[in-house]
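A short write-up of the structure that comes next.
Computed from the coordinates by the stated procedures, all read-outs in this text should not be read as laboratory data. Computed from a predicted structure; not experimentally measured. Note: ideal-geometry Cβ built from the backbone for every residue, glycine included; neighbour counts use all protein chains shown.
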């Protein structure tokens, strides 16, 4: 069966996360329902990064193996299929299939990926009702410079056990390639990129920086968390609504299959949650 690539965006506020769950509205469940309607048979979707309830995405990527008649032969066919799937998957418009294309040989949305990028948004000071679905609110002032120093200290190939929910048999070693903060008026915006993120890692990393910015956690103590081998109670967890998956990176087409093989050998599938 041919494989298609689906580029997706969704407002996570109306979903119980990505993964299909009986009796709950999820991104995977709605997308697979839409694909099954069009294909007239069950279709399984594999995603680059499973997101928690309330987490948004502007650059999510998935793949599905579909009947040959459903695979788009041209860009125009892909556009029509994307529009049809969007209408079937969400009447509310909170899940959109932006693009459907025939996947290159060896492409696996999850295991071929070489990076995932997230953004986290915080409203500081008075609450902004226009940001209530897409940003966390911290009423007190935050030291953005201290938060930036904390983020910089955490970048690198490290064991992030202190920032991850543990999963049996899963590694917590990750390469955090970028972690920066910038201010935009009342907003503080974090940008993070890694080869992959384990479960709740992004929200825990952001929470550690917020604790530093509040003066409740020293910079040296935050950096020392990297020496711990279990989830730390010092970081806490920021609300899901401030988090958005913005991009998934892939190697050149000729390297997709090899990258997927390396990723499967290095990590279990359960270890690639975000």
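Figures for the structure shown
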read-out	value
Highest average packing first - 56-64, 200-208, 226-234, Cβ atoms within 10 Å	200-208, 56-64, 226-234
For peptides 235-246, 94-105, sequence by mean Cβ density within 10 Å, most packed first	235-246, 94-105
Helix-derived mean residue ellipticity, 222 nm - over the chain, DSSP H n ≥ 4, -39500 (n - 2.57), to 500	-8000 deg cm²/dmol
Relative contact order for the chain, counting Cα pairs under 8 Å that sit 6 or more residues apart, in percent	24 percent
Between the range 198-215 and the range 70-117, the alpha-carbon center distance in angstrom	32 Å
Helix 256-266 axis, angle to the chain major axis (alpha carbon atoms, nearest 10°)	50 degrees
Convex hull projection area averaged over all views, the range 1-158, Cα basis, nm²	11.9 nm²
